[in-house]
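A quick write-up on the structure given underneath.
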Amino acid sequence: MSTKTRMSGNEAIGHAIKQINPDVMPAFPITPSTEIPQFVASMIANGEITTEFIPVESEHSAMSAAMGAEAAGARTITATSSAGMALMWEMLYCAASSRLPIVMALVNRGLTGPLNINAEHSDSMGARDSGWIQIYAETNQEVYDNFLQAHRIAEAKGVHLPVMICQDGFITSHAVQNITLWDDEPIKKFVGQYEPDHYLLKHNEPMAIGPYAVSSYCMESKKAHAEAMRNAKQVILDVAKEFEAITGQKYGFYEGYRLEDADFAVVAIGSVCGTVKDAVDKLREQGIKAGLMKVRVFRPFPGEEFAAALKGCKAVAIMDRSESYSTQGGPLGAELTAAMYRGKCTAETVNIMYGLSGRDVKVEDIEGVFADLQKMAAGEKKFEQYPYLGLRE
């Protein structure tokens, strides 16, 4: 059985945490993720979960405490956004290199500069090289489902890496959507109990966490970390297949929406994909073969799979909700165009900046993107690389 209801993305995370009942949650509040530790604190006070909540003085301390708890053998989670994540930057690298399978709910919000509290991917994209697995959601249902799968991925043998589950601030975190909640017992069985092989409190196994690595060994450690990220690709698919057997929900590295025969495609991450789907449907009614590739997994980056899915396209718009200030485009644009080149995918590409600091994106905007792709494929228009969508001139 399952329950159909309505809730926000933050509430969906809270419900997933209730079903998982992790051992420890250190957290410090920051908009728009503040509700998540509030939900957990309320559930603890009401006796619904046995999680130990640790109030800390900053996000740096939150990740430090998460490392200590996970290293001691406790299943540990936290939540943050934007500048809060930036404050824990050093510890993100420490947690990943120490191979601690912490799960973090990241509610995406633009990093300060100038100050803004709305949706943007600059926080998670800024940490894309920290060694964390990154999984993104379009809807509240996906936020919930992704979080339920996260511990299985993080704790898998051959992986043992932290995972951040990302959703767009306010657009999904606070907006209420229809959602199906899965029954407790099959989910608890699916998530399972955490049984680490090595931890600080294990009897007769002295060990250290975060030791200094001399030059003779540090490079080997980084290579092992890279191999763990490579191993995570198959684990993500295996866990998704098992989750589908329980719930009927299908997940992979990406969702292809009317992509198989598409001549023109948009590649995007997160909540904007619903808008793109509406535009695709309208264009299909006009006989235009439009499609969408919705990226779910950004780390590890499934470049080969992405390139193969786009091989039949004539032109592709890669949309970034994060400005990398490289003068060459955004993070998704840079990595996907490189993967397409290696995969001998010859589609014309343009990298588009959109939705920065919460800028709205309409169906008409996406229709305009597809119109430009058609002109580009026909040689009628040369795109400026890289345009800002909906920019006030």
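Residues in the range 251-265 that are touching a Lys or Arg at 6+ places or on another chain (Cβ under 9 Å), surrounded by fewer than 16 Cβ atoms within 10 Å (Cβ to Cβ) and in a loop (DSSP other than H, G, I, E, B): GLY252, ASP261. Scanning the range 160-190 for residues that are among the acidic types (Asp, Glu) and part of a strand (DSSP E or B) returns a single hit, ASP168. If I go through the range 173-212 residue by residue, how many of them are among the hydrophobic types (A, V, I, L, M, F, W, C) and over 22 Å from ALA240 (Cα atoms)? Matching residues across the range 173-212 total 7.
When you scan the range 288-393 for helices (runs of 4 or more DSSP H) that lie fully inside it, which ones turn up with 3 or more residues that are in contact (Cβ under 8 Å) with a residue 60 or more places away in the chain, buried (at least 22 other Cβ atoms within 10 Å of the Cβ) and within 18 Å of the chain's Cα centre (by Cα)?
So the answer is 331-342.
Just one of the listed residues (GLY329, GLY343, GLY287, GLY248) is on the phi > 0 side of the Ramachandran plot and touching an Asp or Glu at 6+ places or on another chain (Cβ under 7 Å), and it is GLY329.
Tallying residues that are touching a residue at least 60 places away in the same chain (Cβ under 8 Å) and of a type in the set (Gly, Ala, Ser) within the range 143-200 yields 5. Against the criterion of being at pLDDT 95 or above, of a type in the set (A, V, I, L, M, F, W, C), more than 21 Å from MET164 (Cα to Cα) and assigned to a helix (DSSP H, G or I), LEU283 qualifies. If we scan the range 235-249, do we find a residue that is under 30 Å from GLY330 (Cα atoms) and part of a loop (DSSP other than H, G, I, E, B)? No, the conditions are met nowhere in the range 235-249.
The values are calculated or read from the model by the stated rules, or taken from the named source; none is laboratory data. These figures come from a predicted structure and were not determined experimentally. As a convention, Cβ positions derive from the backbone with ideal geometry for all residues, glycine included, and neighbour counts pool all protein chains shown.
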